[in-house]
1. Sequence gap at least 6, Cα distance under 8 Å: using those rules, report the relative contact order of segment 156-272 to the nearest whole percent.
2. Using Cα centres only, tell me the gap between segment 23-65 and segment 189-262 in whole Å.
3. Rounded to a whole number, what is D in µm²/s for segment 1-81 from Stokes-Einstein with the Kirkwood radius over alpha-carbon pairs (25 °C, 0.890 mPa s)?
4. May I ask you to give the average projected area over all directions of the convex hull of the Cα atoms of segment 133-198, in nm² rounded to one decimal?
5. Using alpha-carbon positions, what is the distance between the centroids of segment 267-281 and segment 90-104, in Å?
6. If you consider only alpha-carbon coordinates, what radius of gyration and Dmax does segment 8-153 have, in Å?
7. Let me have the 222 nm mean residue ellipticity of the chain computed from DSSP H runs of 4+ only, each contributing -39500 (n - 2.57), with the sum over all residues rounded to the nearest 500.
8. Convert 10 °C to kelvin, take the viscosity as 1.306 mPa s, use the Kirkwood radius over C-alpha pairs of the chain as Rh, and evaluate the Stokes-Einstein diffusion coefficient in µm²/s, rounded to a whole number.
């Protein structure tokens, strides 16, 4: 059985291993609300050969939640993932068209559901092309034979609003916000209507672009420099952002530095900032 070397793999590694029957590539591209780009249509017109589109924004999400793209139950996740032909032994390589932006979200979802062999393609689709990887442009095969998949929820990867409340005064837990500084301090209004500006008490700011260079994750040395300023390696980390997407970039970066106690606050600022019961701080 093929085992991935890390939660981040290079395009060169993928070109050398993509012929393995256990490897499945997933296009997890997603664009900010208001964008006129359609990630599924872009996948249909240009993709890594054989890749499946992983729609966490509309399909593989908690359907009854008013919050965007929330993690679904293990049962629903299992049903939808099986429709993509994925089984528990599949080696999953997730990519997006930005480089590293939304793919870490799907990496985190699979981690939270107990999948062992899942990684993000460093540099995404662009890196694949630069490495000489083939590109598929004809109409994709939609009717993929279903497989059997059984997800096992691992709650340690996920933080709820109540978890965050419980740890606001806990020095052993570091809350890290991936939003831009202007939104973190409350100087810039939130893009979603009805969501207050500011951040959680004691939260620290690490804007996700600081961890990404030319579409690739920063070096381990640079990642360590950023995270060492925030907290010790053995601490518990809860990552948050606007709606749970870019927080996963921080989770991926932290995991690369050997930080093993990491969780993503799924509701993130969309939930926290829109509920008056949760405290909000403005300024640095």
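Values quoted throughout were computed directly from the atomic coordinates according to the rules given, and no laboratory measurement underlies them. Nothing here was measured: the structure is a model prediction, and the numbers come from that model. Ideal geometry is used to build each Cβ from the backbone, glycine not excepted, and the neighbour counts take in all protein chains shown.
1. Values: 200 pairs, mean separation 40.4, N = 117.
Normalised by residue count, the contact order of segment 156-272 is 35 percent.
2. 23 Å
3. Numbers: Rh = 14.8 Å.
Once the numbers are plugged in, D ends up at 165 µm²/s.
4. 10.4 nm²
5. Measuring centre to centre over Cα atoms gives 28 Å.
6. Taking only Cα atoms of segment 8-153, I get Rg and Dmax of 14.4, 42 Å.
7. That comes out to -7000 deg cm²/dmol.
8. Values: Rh = 19.2 Å.
Roughly 83 µm²/s, to the nearest whole number.
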